[in-house]
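The values are calculated or read from the model by the stated rules, or taken from the named source; none is laboratory data. Since the model is a prediction, treat every value here as computed from it, not as a measurement. Cβ sites come from the backbone with ideal geometry, for glycine too, and all protein chains shown count toward neighbours. Heavy atoms of the whole protein, side chains included, go into the accessibility calculation; ligands, DNA and RNA do not. Shrake-Rupley method; radii C 1.70, N 1.55, O 1.52, S 1.80 Å.
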Amino acid sequence: MSEAGANGSSEAPAAELAQLALEETAPKVSFSDQFKAFSKFGDTKSDGKLITLSQSDKWMKQAKVFDKQITTTDTGIHFKKFKAMKITLADYNKFLEDLAKTKKVELAQIKQKMAGCGAPGVQQVSAGKAAAAVDRLTDPSKYTGSHKERFDATGKGKGIAGRRNLVDDSGYVSGYQHKDTYDGAH
């Protein structure tokens, strides 16, 4: 009897802890609210009651539902079973149930990811790969030939003086190295 009492008392706090853990990880926005937001995403005429396959795929991509197990091909196959371009929330729940059952994934896990993914839109903006290329192409220390004459030693452009061949009216031919060394006394 003491074991039963011990088991009963140990299960109750475990159940309470599990409930608290669920409350902490529960999304702040409901699944139906997210459905409405993503059904309006990219469609100015939408009222939020119907969602397209494209909008669904954007939602799943943002929620990171897609992996090696679930792909856009799978969602396309299961979505086309409804023979409609747009489906309601009730049909969308059936679509997710069918997808989860076929792919052997927890439906609750998919819905939790989709409810907690945030507002529709671009979530991460990266600097891009072009930044390294631009840095390399605008580094004057790498220029050769006449192009390197357009910049001073610090890498700052010389402006018009760096772009034009200015005429030297000194009387010497170009390439003469002993300029201004002639002694006029002879």
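With the charge dipole of the stretch 31-116 set up from +1 on Lys and Arg Cβ and -1 on Asp and Glu Cβ about the Cα centre, the Cα lying farthest toward the positive end among the listed residues 78, 115, 60 is that of 78.
At 1.4 Å probe radius, can you tell me the per residue accessible area of the stretch 31-116 in Å²? Numbers along the way, then the final one.
Working: 5010 Å² over 86 residues.
So the stretch 31-116 comes to 58 Å² accessible per residue, rounded to a whole number.
At full extension, residue 173 and residue 103 could sit 17.0 nm farther apart than now, given 0.36 nm per residue minus the alpha carbon distance. So, with a 1.4 angstrom probe, what is the percent of accessible area on the stretch 31-116 that is carbon and sulfur? Carbon and sulfur atoms account for 55 percent of the accessible area of the stretch 31-116. For trypsin sites (Lys or Arg not before Pro), the sites in the stretch 26-85 that DSSP calls loop and that have at most 16 other Cβ atoms within 10 Å are 28, 45, 49, 64, 68, 83.
Would you mind estimating how fast the stretch 29-76 diffuses translationally, via Stokes-Einstein at 20 °C and 1.002 mPa s with the Kirkwood radius over Cα pairs, in µm²/s? Roughly 192 µm²/s, to the nearest whole number. Working note: Cα gyration tensor of the stretch 31-116, eigenvalues times five, square-rooted, sorted largest first, giving semi-axes of 19, 14, 12 Å. Applying a DSSP loop filter and a limit of 15 other Cβ atoms within 10 Å to the chymotrypsin sites (Phe, Trp or Tyr not before Pro) in the stretch 33-102 leaves 66.
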